[in-house]
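Below is one structure, written out as structure tokens; comments come after it.
The values are calculated or read from the model by the stated rules, or taken from the named source; none is laboratory data. Keep in mind it's a predicted model, so treat the numbers as computed, not measured. Heads up, the Cβs are rebuilt from the backbone with ideal geometry, glycines too, and the neighbour counts pull from every protein chain shown.
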Amino acid sequence: MSDFTPALPKPCKWSVGDNQYDQEGKNPKKLSLFIPLDSVHAFCNHLMTMADDKQLHKDGKVYNFEAKANESVKGIYLNCNGKDGDYGAFGNINPKKITQELPF
């Protein structure tokens with residue numbers, strides 16, 4: 001039997017496809033994330049729990065539009081599995097629930 005306890009009541013869905021609104025070719029792809037209303041608070045709580053757990057902090061790079069360059073920052077990764085389909089890549093998000101040990 002699995003020890004997996006989902007963090008969300010209903011899974012979220014993500015997809016990557018062509019950006020039909022990009023007229024200039026600067027951003028030809030788009031990521032869509034669907035979060036069921038039943039899972040919004042649990043999703044936010046999961047992200048806050050990850051942010052509070054220093055063991056989950058990783059180094060990453062983000063683009064600084066003012067400096068027009070990448071910069072290194074600390075952050076968290078939310079990894080999701082997916083598949084390729086007729087309209088692009090897609091998958092579900094329902095991470096394992098993080099349980100925090102009480103300090104007493």
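Which of the strands (runs of 3 or more DSSP E) found entirely inside the range 26-104 contain at least 2 residues meeting this: touching a strand residue (DSSP E or B) at 6+ places or on another chain (Cβ under 6 Å)? Hits in the range 26-104: 29-34, 58-64, 69-75, 88-93. Being closer than 29 Å to T99 by Cα, surrounded by 11 or more Cβ atoms within 10 Å (Cβ to Cβ), without any contact (Cβ under 8 Å) to a residue 60 or more places away in the chain and not β-branched (V, I, T) is the requirement here; does D53 meet it? Spelling it out, D53 is indeed closer than 29 Å to T99 by Cα, surrounded by 11 or more Cβ atoms within 10 Å (Cβ to Cβ), without any contact (Cβ under 8 Å) to a residue 60 or more places away in the chain and not β-branched (V, I, T). Taking each residue of the range 89-104 that is of a type in the set (S, T, N, Q) and looking for partners that are modelled with pLDDT of 90 or more with beta-carbon atoms closer than 6 Å, six or more apart or interchain, yields N92/P11; N92/K13; N94/P6; N94/L8; N94/P11. The residue that is farthest from K10 (Cα to Cα), counting only those in the range 68-96 that are among the aliphatic types (A, V, I, L, M) and at pLDDT 95 or above, is A69.
From the residues in the range 2-44 that are of a type in the set (G, A, S) and modelled with pLDDT under 90, which one is farthest from I93 (Cα to Cα)? The qualifying residue farthest from I93 (Cα to Cα) is G25.
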